[in-house]
Structures are given as structure tokens and as C-alpha cells.
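**Student:** Pasting a structure here, questions to come.
Read-outs: derived from the displayed coordinates by stated rules, not from any lab. Owing to the predicted nature of the structure, the values given are computational and were not obtained by experimental measurement. In this analysis, Cβ positions are derived from the backbone assuming ideal geometry, glycine residues included, and neighbour counts consider all displayed protein chains.
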Amino acid sequence: MKHFAVIGLGNFGSTVAGELKDLKCRVTAVDNDKATVQALVEKVDLAVLGDATDVRFLGNLEVDQFDCCIVSTGEDSHASILIVLHLRELGAKKIVVKANTHDHAKILQRVGATDTVIPEEQMAVRVAHSLAESNLIDYLPLTTDFCVAELAPPEKFVDQSLKDLRLPAKHAVQVIATKDRNTGEFNFVPGGDYRIKGGDLLVILGKRADIDKIND
């Protein structure tokens, strides 16, 4: 069972802690606010009150024993940088940090963050893409070029088999799953004989430019 430390229990941190616990992981949650810590006592394995900018406090947590440390200190960029520096010095295996800006993310990576996320920006990108394309339901960027998109199939796709549509050859994209829009049930890696239904959503992997051409 993986063991995570979540440092900073604002909206982002507490949500991550709760989701990890729901996914059957062990979670140690840390914050310097007593009420915040008490609110999570029954929702995680261990809730700890303390100042994570103090290297002695982090040392007592034995951070090198966690599979990953997640740091989310809200708008306090200085605190997150100091915490990451201490975590790296104490031998933390993996450090994922919520960054406020791209410059903040660069600094965090320089001092030892394994990965950084800017949740507001990433959500804004997903919403913008979903609004700009009528058939696009959701959008998840993977790299600069590639993404996973969930979209309603064009009418011409309905009742057609994936084999006959030849999407990898014609559009350089791959249907990695279908989703029933009424039940939310997924059908992963459908075979070539699968016929697209009117109530399906298609989960497609490919370059955004190629996905856009599907509706042409």
C-alpha cells in the first residue's frame, strides 16, 4: 500500500488527501492550523499539527519513508519553496507541489520538486477547450501535442464499426474507450467490431489538431 504525506490542507490539499484515502492509500496529512487538522482526523490515517517549514519537524515525520510528498501551501510561495528544499535534503523520494505561477513552478523544480501542478490554469484550459468545440465534452493535455479528449461522436459515426471508420489511418487518432453518457459506464479498448451507439461518448488519444479534424 502506498503511503503519502499531504502538506497543506486547503481546498487542494484536503481534496487530494481524501481522494488518496478513498483509493486505499495510507495518508498522513499535515497543516499548521489546528481546526483544519482536526477536520481531517477521521478522514486520513494520521493528521499532524505542525510547521512544515521547520526542518526538524519534517525530520521527525521521516519523510524519506513516504512514496510521495504533496505540498500545497496556498498563496504562500515562500513556504512551499522552503518545504521542498527541506524535503529534498531529507531524502524525500517524490515531491509534487501545487504552484501558483509558472515562475513559481520553475523555482520549485530548481530546489527539488519532482513535479508541479497549477490546478487553476489546467482547469481553465480544459473548460476553454470544452466550450470552444461543441462536440468536445472533456479535454486532458498530456504533452505539448498530445491529449486525451472525450467527445460526442459525429452523427456519421453512429452505427459504424471502429474497423470501418479506420480512425488511426484516416485521422491518426485512437479510440481508447467508449463511455455510456447515461450510466457513465466505460468500455475500455473496444475492438474493431465495436459499433458506435448514439448514446456513446468517445475517449480518444491523439494530437489536438488531428482530433479537431474528426468533425470535418
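**Student:** Just to be sure I understand: if I project the alpha-carbon convex hull of the chain onto a plane and average over all orientations, what area do I get in nm²? Don't skip to the answer; put the middle values down first.
**Tutor:** On the way: hull surface 55.9 nm².
Taking a quarter of the hull surface, the average projection is 14.0 nm².
**Student:** Restricting the count to DSSP beta bridges whose residues both fall in the chain, what percent are antiparallel, rounded to a multiple of 5?
**Tutor:** Once the DSSP bridges in the chain are tallied, antiparallel ones form about 50 percent.
**Student:** Restricting attention to the stretch 53-95, which GluC sites (Glu not before Pro) occupy a DSSP loop and are surrounded by at most 16 other Cβ atoms within 10 Å?
**Tutor:** Answer by residue number: E62, E75.
**Student:** Related question: How high is the relative contact order of the chain, in percent, with contacts defined as C-alpha pairs under 8 Å that are six or more residues apart?
**Tutor:** Numbers: 406 pairs, mean separation 27.5, N = 216.
With pairs under 8 Å counted, the relative contact order is 13 percent.
**Student:** Nearest 500 deg cm²/dmol is fine: what mean residue ellipticity at 222 nm does the chain get from its DSSP H runs of n ≥ 4 alone, each adding -39,500 (n - 2.57), divided by its residue count?
**Tutor:** The helix-only estimate for the chain comes to -9500 deg cm²/dmol at 222 nm.
**Student:** Here is a further query. List the trypsin sites (Lys or Arg not before Pro) within the stretch 39-113 that DSSP assigns to loop and that have no more than 16 neighbouring Cβ atoms inside 10 Å.
**Tutor:** K43, K93, K94
**Student:** Continuing with this model, one more query. Nothing charged except the Cβ atoms of Lys and Arg (+1) and of Asp and Glu (-1): what's the magnitude of the dipole of the chain about its Cα centre? Round to the nearest 20 debye.
**Tutor:** Magnitude of the dipole: close to 520 debye.
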